[in-house]
1. Could you please put ASP70, ASP320 in sequence from largest to smallest accessible area, using a 1.4 Å probe?
2. Using R₀ = 45 Å, calculate the FRET efficiency as 1/(1 + (r/R₀)^6) where r is the Cβ-Cβ separation of GLN223 and GLU314; round to 0.05.
3. What accessible area per residue, rounded to a whole number of Å², is obtained for the chain using a probe radius of 1.4 Å?
4. I'd like the orientation of helix 293-308 relative to the chain: the angle between its Cα long axis and the longest Cα principal axis, in ° from 0 to 90, rounded to 10.
5. Can you tell me what share of the DSSP beta bridges in the chain is antiparallel? A percent to the nearest 5 is fine.
6. Pairing the Cα long axis of helix 161-175 with the longest principal axis of the chain, what angle in degrees results, from 0 to 90 and rounded to the nearest 10?
7. Using a 7 Å offset from the Cα along the Cα-to-Cβ direction at both ALA187 and ALA89, what is the distance between the two label points in nm, to one decimal?
8. Order the following by accessible area, largest value first: GLU204, GLU266. Probe radius 1.4 Å; ligands, DNA and RNA are ignored.
Amino acid sequence: MAKLSDVAARAGVSVSAVSRVLSGDPSARLSEATRERVRKAAGEVGYHPNFAGRALKLARTDVLALIVPDVTNSLFAELTRGVEDEAVARGCVMLLARSEDMQPGGSLFDRLLGEGRVDGIVLQPRDGTDPDELAQSVGERAPLVTIHQPIPGASSVVVPDALAARRATEHLIALGHRRIGFAGGLAGSPTARRRAAGHLDALEEAGLEQDPHLVTWRGYREQDGRASTAELLALPERPTAIVAANVNAAVGVLAQARAQGLAVPEDLSVVAVHDAWTAGHTWPPLTCVRMPLYELGRTAVAALAHVIDGGAIEHRSVEDPEPVLIRRESTAEPRG
């Protein structure tokens, strides 16, 4: 097994210089050429660092945790890819967790933080989570970045929710729809409020009535989309189109419309915020507004690394790329 002295001899530098380069010590006064020579020498002699010893010395594990409500949710695929790519680019590995007990307040979550098993956590809170209770549960035990929902004492990253919902609604208005329902998330969800605001802004700019009966607050799950659609279609004057604030809920919108004998898009147009691989395989395939979820993941890890390195708490918004409409077969001009 190769040792630090073998790398030092190969690179023509001291053992201490090799140690500082391979440990990532930012205070080491070495040129980039020297650092590269050391890294190349380590590869040539087959040196592999003792990460357990390095973790003890630097109080770092180079492990980051991503905690999401449900890893089977297709929306988390791009987010996870972004988190992993940025973690790997920074020399870290990613731990993905989804269990109920891994949520703040659970024993596994407390072990993850209290036993120093990770350097920091990227967390997407469940909808309806109270931000103050979450902040109290987490405390100051490890650097934390939340996704979509800022909490006191932690960095956060969001995407342009209002703009995405606005573009979904504008698409329907451009097709000629004038009575548009909105299948929203839970009223206590920050993302739900931002998306509803974007929807209503689009209606106002077009000079259309903002009928509160056309806005529901059921949630983002498939069954929530079903319930929202049943509520909207029960109105004396039903909508000709529905904006679903989440693509999973939009699947429920399609199912409920079909159950009530309505054809999409002939009788009811449907457009969803978010895009996922599942959206192209519904019937009809869903028109969606694609959000920068991959970039969200990378930005979250960058924000986490900033805090781990001693930086201040900050709140970032992923503005590039902007939300983009992906038109499929679920939207059309209204009949008549």
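1. ASP320, ASP70
2. 0.75
3. Value returned for the chain: 47 Å² of accessible area per residue.
4. 40 degrees
5. Here the share of antiparallel DSSP bridges comes out near 10 percent.
6. Rounded to the nearest ten degrees, it is 30.
7. That separation, rounded to one decimal, is 4.1 nm.
8. Per-residue accessible area, sorted high to low, gives GLU204, GLU266.
The values are calculated or read from the model by the stated rules, or taken from the named source; none is laboratory data. Note that the structure is predicted; figures quoted are calculated from it, not measured. Every residue, glycine among them, receives a Cβ derived from its backbone with ideal geometry; neighbour counts consider all protein chains shown. Calculation scope for accessible area: heavy atoms of the full protein, side chains included, ligands and nucleic acids excluded. Shrake-Rupley method; radii C 1.70, N 1.55, O 1.52, S 1.80 Å.
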